[in-house]
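S.K.: Quick one: the structure is below, and I'll ask about it shortly.
The values are calculated or read from the model by the stated rules, or taken from the named source; none is laboratory data. Keep in mind the model is a prediction, meaning the values are calculated, not measured. Note that each Cβ is placed from the backbone with ideal geometry, even for glycine, and that neighbours are counted across all protein chains shown. Protein only, heavy atoms only, side chains kept; ligands, DNA and RNA dropped before computing areas. Shrake-Rupley method; radii C 1.70, N 1.55, O 1.52, S 1.80 Å.
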Amino acid sequence: FVIDQATKDRLIAEDPRSAELIKPFAQGRDIKRYARIPVKQYLIFTRRGVNINDYPAIKKYLTQFKDELTPKPADWKGDWKGRKPGSYAWYEIQDTIDYHQEFSKPKIVYPNICKQPEFTFDQTGIYTNQKTFIIPTDDLYLLGILNSSLSMFLFTQMFPKLRGDFYEPGWVYFQNFPIPVVDFSNQVSVATHDQLVALVSTILELTNSDPQLPQDKSRKQEAIAALNSQMDKIILQLYGLGETFHP
């Protein structure tokens, strides 16, 4: 179901309706802190209930893999070169993926294994594999907190540490991650929120800019570091921590 650009273009050329089922696709290793997610592959998203006969080019393409895609019959004995038993059709994605609409919304995306906070923002409708998590929200305030130095400190305190100094921010641990709630009836709280959002917006813009000259690239990194430092100070105050606290 994962295809490259050339296959995507060919399927759409053969039948324009193919575009309805082809989604931009990313994997965990594609997710980097604040960075725009690159589209290197695409997903044929034939979820359960799709009428494959409405998409002849995609049906023809998938038919060449039918033996490998066919679910094992419940009463089958012996080896089976297809997929595991289930109620899905051979051309359908195996899982129900009832939450698939969430991928089309603005969302925070992060890998399930990382050495540091690697949260980014996507509003292009990218679908991701099981090596990522998504938070359907356009909350840049939350994004800034999750990418902060204090967040890195909380990673070390709350998440399992794997070999190679990697962390696994899985839901069972991440659900207790403390986030200061914005009091939108309080002018000071609102001002702090807006300041963080402005800083994150600038970091996103800078991170995804493409300076050509070496000195411009160096200035870009210095500017991002200064913005992160400014944001870290604000976030420490949000958590009631003084500047003497060094995550």
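S.K.: Only residues that are in a helix (DSSP H, G or I), out of contact with any helix residue (DSSP H, G or I) (no Cβ under 7 Å at 6 or more places or on another chain) and either of a type in the set (Val, Ile, Thr) or at pLDDT 95 or above (or both): list them for the stretch 196-218, please.
M.R.: Of everything in the stretch 196-218, those that are in a helix (DSSP H, G or I), out of contact with any helix residue (DSSP H, G or I) (no Cβ under 7 Å at 6 or more places or on another chain) and either of a type in the set (Val, Ile, Thr) or at pLDDT 95 or above (or both) turn out to be 198, 204, 205.
S.K.: Then there is this: Of all residues in the stretch 143-174, which are under 17 Å from residue 107 (Cα atoms) and open to solvent by 30 Å² or more (accessible area, probe 1.4 Å)?
M.R.: Correct list: 171 only.
S.K.: While we're looking at this one, here's another question. Evaluate the following for residue 131: is it in contact with a helix residue (DSSP H, G or I) (Cβ under 6 Å, 6 or more places away or on another chain) and open to solvent by 60 Å² or more (accessible area, probe 1.4 Å)?
M.R.: Numbers: in contact with a helix residue (DSSP H, G or I) (Cβ under 6 Å, 6 or more places away or on another chain): yes; open to solvent by 60 Å² or more (accessible area, probe 1.4 Å): yes.
In short, yes.
S.K.: If you don't mind, there's one more thing I want to ask. Could you please find all residues in the stretch 58-104 being open to solvent by less than 90 Å² (accessible area, probe 1.4 Å), charged (D, E, K, R) and in a loop (DSSP other than H, G, I, E, B)?
M.R.: Passing the criteria: 72, 92.
S.K.: Scan 3, 37 and give me the residue that is open to solvent by less than 20 Å² (accessible area, probe 1.4 Å) and within 30 Å of residue 225 (Cβ to Cβ). Full working, then the answer.
M.R.: Details: 3 fails: within 30 Å of residue 225 (Cβ to Cβ).
Exactly one residue qualifies, and that residue is 37.
S.K.: Working carefully through the options 139, 98, find the one that is under 20 Å from the mean Cα position of the chain (by Cα) and modelled with pLDDT of 95 or more.
M.R.: 139
S.K.: List, please: which pairs have Cβ atoms under 6 Å, are six or more places apart or on different chains, and start with a residue in the stretch 150-166 that is farther than 14 Å from residue 178 by Cβ and free of Cβ contacts under 8 Å to residues at least 60 places away in the same chain and end with one that is open to solvent by 60 Å² or more (accessible area, probe 1.4 Å) and of a type in the set (A, V, I, L, M)?
M.R.: 166/113
S.K.: Among the residues of the stretch 194-203 satisfying the criterion of being open to solvent by 30 Å² or more (accessible area, probe 1.4 Å) and touching a residue at least 24 places away in the same chain (Cβ under 8 Å), which is nearest to residue 122 (Cα to Cα)?
M.R.: So the residue we want is 201.
S.K.: May I ask you to say which residue of 58, 97 is touching a residue at least 40 places away in the same chain (Cβ under 8 Å), of a type in the set (Val, Ile, Thr) and closer than 29 Å to residue 147 by Cα? Spell out how you get there, then give the answer.
M.R.: Numbers: 58 fails: closer than 29 Å to residue 147 by Cα.
Of the residues listed, the single one that is touching a residue at least 40 places away in the same chain (Cβ under 8 Å), of a type in the set (Val, Ile, Thr) and closer than 29 Å to residue 147 by Cα is 97.
S.K.: Continuing with the same structure: Does residue 85 qualify as being free of Cβ contacts under 8 Å to residues at least 24 places away in the same chain, under 21 Å from residue 125 (Cβ atoms) and not hydrophobic (A, V, I, L, M, F, W, C)? Explain how you work it out, then say what you get.
M.R.: Numbers: free of Cβ contacts under 8 Å to residues at least 24 places away in the same chain: yes; under 21 Å from residue 125 (Cβ atoms): no; not hydrophobic (A, V, I, L, M, F, W, C): yes.
Against the criterion (free of Cβ contacts under 8 Å to residues at least 24 places away in the same chain, under 21 Å from residue 125 (Cβ atoms) and not hydrophobic (A, V, I, L, M, F, W, C)), residue 85 does not qualify.
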